[in-house]
Amino acid sequence: MTLRRVMILGTGPAGLTAAIYAARANLQPLIIEGNEPGGQLTLTTEVENFPGFPEGVMGPELMQSMREQAERFGAEFVTGFVTSVDLSKRPFTVIVDEKDSYQAQSLIISTGASAKRLGIEGELEMTGRGVSTCATCDGFFFRNKPIIVVGGGDSAMEEATFLTKFASEVVIVHRREELRASKVMQERARNNSKIRFELGMLPTAVERDEHKVTGLVVRDVVTGETKSLKTDGIFVAIGHSPNTGFLAEQLEVDPVGYIKTKGVTTATSVEGVFACGDVADPLYRQAITAAGSGCKAALDVEKFLEGQSAQDWSVSLQA
Ligand code: NAP
């Protein structure tokens, strides 16, 4: 059993910024790096809007730099998936991969959000065999082939535009006539000659043969008619949901599952537990806002720990 002053769950921009601040404050943070080390930015290409990089920076490179910066100040990383936590008493218990147990006087939860699924026939079976939620990871496999991107938000526009580098054609399938994406992203997609739109179309099934995806069945939301759009690849870009399943309702969350925080702080409904980044942010969801909230969480933890009695620290801080 390992006892720490602070454990950080998740290694996106929020978790890594919290790690940098907590490590510099000599809190010797232990960071649990989950299934997607580096978080969503490792699934993107170039990040153009993170301040300090006038020429842009590749997402994975940015995350690697943040990780190294945290390590430089003594942050320690453990790779594994947080399967459950016990927040009923302090120190809190964190179970990793259903077997390894850790304890900490305070927790920073920065587990981010994951790609949503359509929930249609054939989607799960064909994931990794033509259905993907990551254009950066899988676009390469569709050189000179037709691709469908599902979704009408900024992610769908961005992925579609990126995928034109590889695909012979990209069809954006969206369930409504109006796109949700910002004007600038819409314009970029509309001005790309390789992109075509199928609007007002609801995906209903993934068509496939024994080995690969062959098409997407869609239903016209006005007429109710269905048709098949032939394709080799389907990229699902319909947003994300917060990764809070492991909490088992021990923290207050909103109806979608985002962790609720108090006022301008990162404090949650349980004293000593703090949340930052996309797991607590249904609104902004940017790398820079996640990083900013990670900084706030570390400062909140520092203040919380200062308020604890000295006897709390009479335990070993070593693994
Ligand atoms: P989003 O804005 O929530 O859009 C999700 C899209 O998927 C919507 O068009 C939605 O349709 C559609 N959708 C949801 N569930 C569906 C289902 N079951 N079947 C079919 N379609 C479904 O998510 P996002 O595009 O991932 O963007 C999230 C946030 O990140 C936004 O704030 C966005 O601005 C930001 N972002 C910014 C950038 C950038 O600036 N570079 C890039 C990516 C994301 P409806 O429209 O009908 O609801």
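Just checking, how many residues over the stretch 209-236 are surrounded by fewer than 17 Cβ atoms within 10 Å (Cβ to Cβ), in contact with an Asp or Glu (Cβ under 8 Å, 6 or more places away or on another chain) and closer than 14 Å to Met126 by Cβ?
Within the stretch 209-236, residues that are surrounded by fewer than 17 Cβ atoms within 10 Å (Cβ to Cβ), in contact with an Asp or Glu (Cβ under 8 Å, 6 or more places away or on another chain) and closer than 14 Å to Met126 by Cβ number 2.
Which condition from (1) farther than 16 Å from Arg196 by Cα; (2) more than 15 Å from the ligand (Cβ to nearest atom); (3) open to solvent by 50 Å² or more (accessible area, probe 1.4 Å) is the one that Glu121 breaks?
Going through (1) farther than 16 Å from Arg196 by Cα; (2) more than 15 Å from the ligand (Cβ to nearest atom); (3) open to solvent by 50 Å² or more (accessible area, probe 1.4 Å) one by one, Glu121 breaks only (2).
Which condition number in (1) in contact (Cβ under 8 Å) with a residue 24 or more places away in the chain; (2) within 16 Å of the ligand (Cβ to nearest atom) is the one that Asp281 fails?
(1)
Look at the stretch 21-58 and say how many of its residues are more than 16 Å from the chain's Cα centre (by Cα) and either assigned to a loop (DSSP other than H, G, I, E, B) or touching a residue at least 60 places away in the same chain (Cβ under 8 Å) (or both).
To start, the set of residues in the stretch 21-58 that are more than 16 Å from the chain's Cα centre (by Cα) comprises 21-31, 46, 48-58.
Next, from what is left, pick out any that are either assigned to a loop (DSSP other than H, G, I, E, B) or touching a residue at least 60 places away in the same chain (Cβ under 8 Å) (or both): 21-22, 25-30, 48-56.
Of the residues in the stretch 21-58, 17 are more than 16 Å from the chain's Cα centre (by Cα) and either assigned to a loop (DSSP other than H, G, I, E, B) or touching a residue at least 60 places away in the same chain (Cβ under 8 Å) (or both).
Any residue at all in the stretch 264-278 that's within 14 Å of the ligand (Cβ to nearest atom), farther than 29 Å from Leu199 by Cβ and in the same structural domain as Ile20 (by TED's automatic domain parsing)? Don't jump to the end; show me each part of the working.
Our first condition is that a residue be within 14 Å of the ligand (Cβ to nearest atom); within the stretch 264-278, this holds for 277-278.
Next, only the ones that are farther than 29 Å from Leu199 by Cβ stay: 277.
When the remaining residues are screened for being in the same structural domain as Ile20 (by TED's automatic domain parsing), the result is 277.
Scanning the stretch 264-278, I find at least one residue that is within 14 Å of the ligand (Cβ to nearest atom), farther than 29 Å from Leu199 by Cβ and in the same structural domain as Ile20 (by TED's automatic domain parsing), so the answer is yes.
Cβ-Cβ distance below 8 Å, separation of 6 or more or different chains: which pairs start in the stretch 174-185 with a residue that is within 16 Å of Ala160 (Cβ to Cβ) and open to solvent by less than 30 Å² (accessible area, probe 1.4 Å) and end on one that is within 7 Å of the ligand (Cβ to nearest atom) and of a type in the set (D, E, K, R)?
Ala181/Asp154
In the list Thr261, Thr265, which residue meets the criterion of being in contact with an Asp or Glu (Cβ under 6 Å, 6 or more places away or on another chain) and assigned to a loop (DSSP other than H, G, I, E, B)?
Numbers: Thr261 fails: in contact with an Asp or Glu (Cβ under 6 Å, 6 or more places away or on another chain).
Being in contact with an Asp or Glu (Cβ under 6 Å, 6 or more places away or on another chain) and assigned to a loop (DSSP other than H, G, I, E, B) holds for just one of Thr261, Thr265, which is Thr265.
Can you work out which of the residues in the stretch 141-158 that are farther than 19 Å from Gly119 by Cα and either open to solvent by 10 Å² or more (accessible area, probe 1.4 Å) or not aliphatic (A, V, I, L, M) (or both) is farthest from the ligand (Cβ to nearest atom)?
Here the residue is Asn144.
Test each condition in (1) among the aromatic types (Phe, Trp, Tyr); (2) at pLDDT below 95; (3) in a strand (DSSP E or B) for Phe274 and report the one that comes out false.
(2)
Do we have Ser309 as open to solvent by less than 60 Å² (accessible area, probe 1.4 Å) and modelled with pLDDT of 95 or more here?
Values: open to solvent by less than 60 Å² (accessible area, probe 1.4 Å): yes; modelled with pLDDT of 95 or more: no.
Spelling it out, it is not the case that Ser309 is open to solvent by less than 60 Å² (accessible area, probe 1.4 Å) and modelled with pLDDT of 95 or more.
Can you tell me which of (1) closer than 30 Å to Cys137 by Cα; (2) exposed (fewer than 14 other Cβ atoms within 10 Å of the Cβ) is the one Asp254 doesn't meet?
Asp254 satisfies all of (1) closer than 30 Å to Cys137 by Cα; (2) exposed (fewer than 14 other Cβ atoms within 10 Å of the Cβ) except (1).
Which residue pairs have Cβ atoms under 7 Å apart, sit 6 or more places apart or on different chains, and have a first residue in the stretch 140-161 that is within 16 Å of Asn191 (Cα to Cα) and among the aliphatic types (A, V, I, L, M) and a second that is within 16 Å of the ligand (Cβ to nearest atom) and in a helix (DSSP H, G or I)?
Met157/Met185; Met157/Gln186; Met157/Arg188; Met157/Ala189; Ala160/Ala189
For residues in the stretch 159-173 being within 23 Å of the chain's Cα centre (by Cα) and buried (at least 21 other Cβ atoms within 10 Å of the Cβ), which is farthest from the ligand (Cβ to nearest atom)?
So in the stretch 159-173, the residues within 23 Å of the chain's Cα centre (by Cα) come out as 159-163, 172-173.
Among the residues that remain, those that are also buried (at least 21 other Cβ atoms within 10 Å of the Cβ) are: 159-160, 163, 172-173.
Working: Glu159: 8, Ala160: 11, Leu163: 14, Ile172: 10, Val173: 8 Å.
Restricting to residues being within 23 Å of the chain's Cα centre (by Cα) and buried (at least 21 other Cβ atoms within 10 Å of the Cβ), the top hit is Leu163.
What is the number of the single condition among (1) within 13 Å of the ligand (Cβ to nearest atom); (2) buried (at least 16 other Cβ atoms within 10 Å of the Cβ); (3) among the hydroxyl-bearing types (Ser, Thr, Tyr) that Thr204 does not meet?
Status for Thr204: all satisfied but (2).
Against the definition (assigned by TED's automatic domain parsing to the domain that holds Ser65, under 25 Å from Tyr21 (Cβ atoms), free of Cβ contacts under 8 Å to residues at least 60 places away in the same chain and not polar (S, T, N, Q)), how does Gly307 come out, yes or no?
Numbers: assigned by TED's automatic domain parsing to the domain that holds Ser65: yes; under 25 Å from Tyr21 (Cβ atoms): yes; free of Cβ contacts under 8 Å to residues at least 60 places away in the same chain: yes; not polar (S, T, N, Q): yes.
Yes.
The values are calculated or read from the model by the stated rules, or taken from the named source; none is laboratory data. Bear in mind that the values here come from a model prediction, so they are computed numbers and not experimental data. With ideal geometry, Cβ positions are generated from the backbone for all residues, glycine too; neighbour counts draw on all protein chains shown. The protein model used for the area step is the full one, side chains on, heavy atoms only, and it has no ligands, DNA or RNA in it. Shrake-Rupley method; radii C 1.70, N 1.55, O 1.52, S 1.80 Å.
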